[in-house]
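> Just dropping this structure here.
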Amino acid sequence: MKVPFNIDLKGKTAVVTGGGGILCSMFAEALAMCGAKVAVLDLNKEKADEVANKICSKGYYAIGVECNVLNSESLENAKKEINEKLGSCDILINGAGGNNPKGTTTKEYLYKEDLNNKDSNIITFFDLDPKGIEFVFNLNFLGTLMPTQTFAKDMIEKDGAVIINISSMNAFTPLTKIPAYSGAKAAVSNFTQWLAVHMSKVGIRVNAIAPGFFLTEQNRRLLTNEDGSYTERAEKILNNTPMNRFGTPEDLIGTLLWLVDNNASGFVTGTVIPVDGGFSAYSGV
Ligand code: NAD
């Protein structure tokens with residue numbers, strides 16, 4: 001991976017939750033390439049270690065840390081390990097998140113004939129399990145709030161302290177089929193603004209990146225067929241993305257580094273920056 005420009009993060013400790021995933025592993029690597037010591041946090045320790053080892057093999061500094069962002073004890077254990085090995089946190093990237101089939105309807109619209117359908121493959125709005133909705137809400141919203149409670153304590157009145165949350169296109173306008181994920185990411189955007197105000201007197205800047213459409217494990221089932229071709233939904237997304245392509249994780253790095261660097265964005269807080277090939281600007285007509 002190449003960073004589009006360098007910022008100086010020497011002496012800084014960065015914590016990246018969901019760092020074993022597709023987008024956040026790139027974020028972790030980019031921060032390490034700019035000189036930060038990076039803690040790659042993930043529920044899946046193997047994935048966290050794999051990302052950290054890859055970063056170290058390129059001559060940068062990272063450790064993998066097992067952490068469930070929804071568990072206070074797990075977060076405290078992670079913080080203790082990071083404080084001992086890397087020092088106190090300067091940069092927090094709240095990346096853990098995602099959708100789940102349990103919070104997803106099978107069709108975009110409700111049709112009367114589906115109401116009494118016994119086909120268990122059809123999940124209408126009325127079939128959605130509140131537990132599935134709760135899972136998605138918790139992962140995205142509490143999964144942003146709880147790590148912030150843990151790590152922001154380290155960041156108070158620290159030079160260049162910054163938090164970056166990961167929102168989504170569906171926070172601006174909900175996407176069909178995924179009411180839980182859309183609502184949860186809207187909550188993440190709203191929380192970003194709330195937190196930016198709340199933390200403004202102790203010198204912590206808080207912003208969010210709202211990625212457009214990136215083909216990753218999380219949405220692969222929605223966007224590609226078994227033979228690898230695009231689903232109808234994927235074609236629809238591309239038709240509504242003026243730049244007519246999916247994003248690549250590298251597309252997000254410039255925005256990440258700009259938001260992290262106090263010299264570049266020191267007066268920017270409480271924003272949600274779309275990186276979406278024009279999707280959120282386009283009405284479809
Ligand atoms: P991903 O599934 O590749 O990565 C998510 C990582 O989070 C995984 O490694 C997973 O193990 C980890 N995780 C899940 N639950 C966790 C928990 N409780 N505690 C700690 N770690 C946990 O997903 P991604 O596509 O790289 O997405 C990263 C972020 O970007 C997410 O917040 C996602 O909602 C958001 N996002 C993604 C897209 C996209 O198109 N891929 C678009 C907009 C927003």
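The values are calculated or read from the model by the stated rules, or taken from the named source; none is laboratory data. Just so you know, these numbers come straight off a predicted model, no measurement behind them. A quick note on method: Cβ atoms are made from the backbone with ideal geometry, for glycine too, and the neighbour counts reach across all protein chains shown.
> Within the stretch 165-183, track down each residue that is under 22 Å from Val16 (Cα atoms) and either crowded, with 23+ Cβ neighbours inside 10 Å or without any contact (Cβ under 8 Å) to a residue 40 or more places away in the chain (or both).
Initial filter on the stretch 165-183 (under 22 Å from Val16 (Cα atoms)): 165-169, 171, 181.
Passing the criteria: Asn165, Ile166, Ser167, Ser168, Ala171, Tyr181.
> May I pose another question? Would it be correct to say that Glu84 is closer than 27 Å to Asp8 by Cα, modelled with pLDDT of 95 or more and over 18 Å from the mean Cα position of the chain (by Cα)?
yes
> Between Lys185, Lys158, Lys107, which is within 13 Å of the ligand (Cβ to nearest atom), in contact with a Ser or Thr (Cβ under 8 Å, 6 or more places away or on another chain) and on the phi < 0 side of the Ramachandran plot? Walk me through it before giving the result.
Working: Lys158 fails: within 13 Å of the ligand (Cβ to nearest atom); Lys107 fails: within 13 Å of the ligand (Cβ to nearest atom).
When all the criteria are applied, what remains is Lys185.
> Just one of the numbered conditions (1) within 9 Å of the ligand (Cβ to nearest atom); (2) assigned to a strand (DSSP E or B) is not true of Ile163; which one?
Ile163 satisfies all of (1) within 9 Å of the ligand (Cβ to nearest atom); (2) assigned to a strand (DSSP E or B) except (1).
> Right, something else. Please go through the stretch 260-273 and pick out each residue that is out of contact with any Lys or Arg (no Cβ under 8 Å at 6 or more places or on another chain) and within 21 Å of Asn190 (Cβ to Cβ).
Gly270, Thr271, Val272, Ile273 - these are the residues of the stretch 260-273 that are out of contact with any Lys or Arg (no Cβ under 8 Å at 6 or more places or on another chain) and within 21 Å of Asn190 (Cβ to Cβ).
> Cβ contacts < 8 Å: first residue more than 16 Å from Ile166 (Cα to Cα), restricted to the stretch 11-36; second residue in a helix (DSSP H, G or I) and basic (Lys, Arg), any location; separation 6+ or different chain. Result?
Sorted first by the residue in the stretch 11-36, then by its partner, the pairs are Glu29/Lys54.
> Here is a follow-up. Among the candidates Leu252, Leu257, which residue alone is touching a Cys at 6+ places or on another chain (Cβ under 8 Å) and of a type in the set (A, V, I, L, M, F, W, C)?
Result of the check over Leu252, Leu257: Leu257.
> Here's a check for you: in the stretch 110-148, which residue that is farther than 25 Å from Ser167 by Cα and assigned to a helix (DSSP H, G or I) is nearest to the ligand (Cβ to nearest atom)?
Among them, the one singled out is Asp127.
> Against the definition (more than 14 Å from the ligand (Cβ to nearest atom) and in contact (Cβ under 8 Å) with a residue 12 or more places away in the chain), how does Ile209 come out, yes or no?
Values: more than 14 Å from the ligand (Cβ to nearest atom): no; in contact (Cβ under 8 Å) with a residue 12 or more places away in the chain: yes.
No: the conditions fail for Ile209.
> Check Val272, Val260 and return the single one that is within 21 Å of Lys2 (Cα to Cα) and surrounded by 18 or more Cβ atoms within 10 Å (Cβ to Cβ).
Val260 is the lone residue from the list that is within 21 Å of Lys2 (Cα to Cα) and surrounded by 18 or more Cβ atoms within 10 Å (Cβ to Cβ).
> So, restricting to strands (runs of 3 or more DSSP E) that lie completely within the stretch 1-79, which ones have at least 3 residues that are of a type in the set (Val, Ile, Thr), more than 8 Å from the ligand (Cβ to nearest atom) and buried (at least 17 other Cβ atoms within 10 Å of the Cβ)?
Working: elements: 13-17, 37-42, 61-66.
Here the list reads 13-17.
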